Amino acid sequence: MSSGENIMINETAVVDEGCVIGSGTKIWHFCHLISGCQIGENCSLGQNVMVASGVKLGNNVKVQNNVSIYEGVECEDDVFIGPSAVFTNVTNPRSFISRKHEYKKTIIRRGATIGANATVMCGIEIGAYAFVGAGAVVTLEVLPYAMVVGTPARQVGWVSESGYRLRFKPDGLAECPDSGEVYLFTKGKVVKIVDKNV
């Protein structure tokens, strides 16, 4: 195990040789980190989390209780994964056919939230700061800042980086009620405006 400083690993957790764990990360009860996974700095893995070989978690990733993150999944910085969320890595699994060579890559971009009990099918990308509602079943790509809910998941709106719904005016602009940041809806996508005077 390659580790940074100030790491907390509960005595009930199992961390295999060959894991990389960043400074300030906390690994709680009954977790299992499998050799070859990479965990960034200041992450938190709740009770009963499994992280498979080849999985990469960025910095400040929060994984709540009872989540298994299978090979092929990558999470960028500041991702939140709610309790009992589900990931997959094969589209048509059979117990009697080995399909390890068919694992598909799933990417969760910076700042995205995966709600409790949501299921994310493999081979898709969830955009930066997107918000997947609790219990949603995600089968298609989710755009940055998009909010999706339901089974199968469908887009119902847009959210700010703080996680608040954005209400766009006729000029295509919306202001986050929490941060005051301004966003522009253009060509079917949302972008954050860094300079309000532009």
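Read the figures in this text as sums done on the coordinates, not as results from a lab. Only a predicted model underlies this, so the values are computations on that prediction, with no experimental measurement involved. Every residue, glycine as well, gets a Cβ built from its backbone with ideal geometry; the counts of neighbours run over all protein chains shown.
At a glance:
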{"read-out": "Under 11 Å, Cβ to Cβ, from Asn60 - net charge with Lys/Arg +1 and Asp/Glu -1", "value": "-2"}
{"read-out": "Signed unit charges on C-beta, dipole axis of the stretch 2-163, positive-most listed residue Gly163, Gly24, Gly150", "value": "Gly150"}
{"read-out": "For Ile69, residues with placed amide H under 5 Å, excluding near neighbours", "value": "Met50, Val51, Ala52"}
{"read-out": "Out-of-range pairs (alpha-carbon distance over 20 Å; input Lys56/Lys104; Lys169/Lys192; Lys104/Lys187; Lys105/Lys187)", "value": "Lys104/Lys187; Lys105/Lys187"}
{"read-out": "Gyration tensor (alpha-carbon) shape descriptor, the stretch 61-127, a/c threshold 1.5", "value": "prolate"}
{"read-out": "Length-normalised contact order of the chain in % [C-alpha pairs under 8 Å, at least 6 apart]", "value": "10 percent"}
{"read-out": "Net dipole in debye of the chain [+1 Lys, Arg Cβ; -1 Asp, Glu Cβ; about Cα centre; nearest 20]", "value": "760 debye"}
{"read-out": "For the stretch 22-134, Kirkwood radius (reciprocal of mean inverse C-alpha pair distance, Å)", "value": "13.8 Å"}
{"read-out": "Cα centre as origin, Lys/Arg/Asp/Glu Cβ charges: the stretch 1-71 dipole, Debye", "value": "220 debye"}
{"read-out": "The stretch 55-177: antiparallel DSSP beta bridges as a percent of all, rounded to 5", "value": "20 percent"}
{"read-out": "Size of charge dipole - the stretch 85-127 - debye, nearest 20, with Cβ of Lys, Arg +1 and Asp, Glu -1, no other charges", "value": "120 debye"}
{"read-out": "Beta bridges by DSSP in the stretch 19-124, antiparallel share as percent, to the nearest 5", "value": "5 percent"}
{"read-out": "Top of Val156, Val90, Val137 by mean-square fluctuation, Gaussian network on the chain, Cα under 10 Å", "value": "Val156"}
{"read-out": "Derived scalar couplings ³J(HN,Hα) [the stretch 148-165; Karplus, 6.51 cos²θ - 1.76 cosθ + 1.60; whole Hz; x for Gly, Pro]", "value": "10, 9, x, 10, x, 5, 9, 6, 10, x, 10, 10, 7, 5, 7, x, 9, 4"}
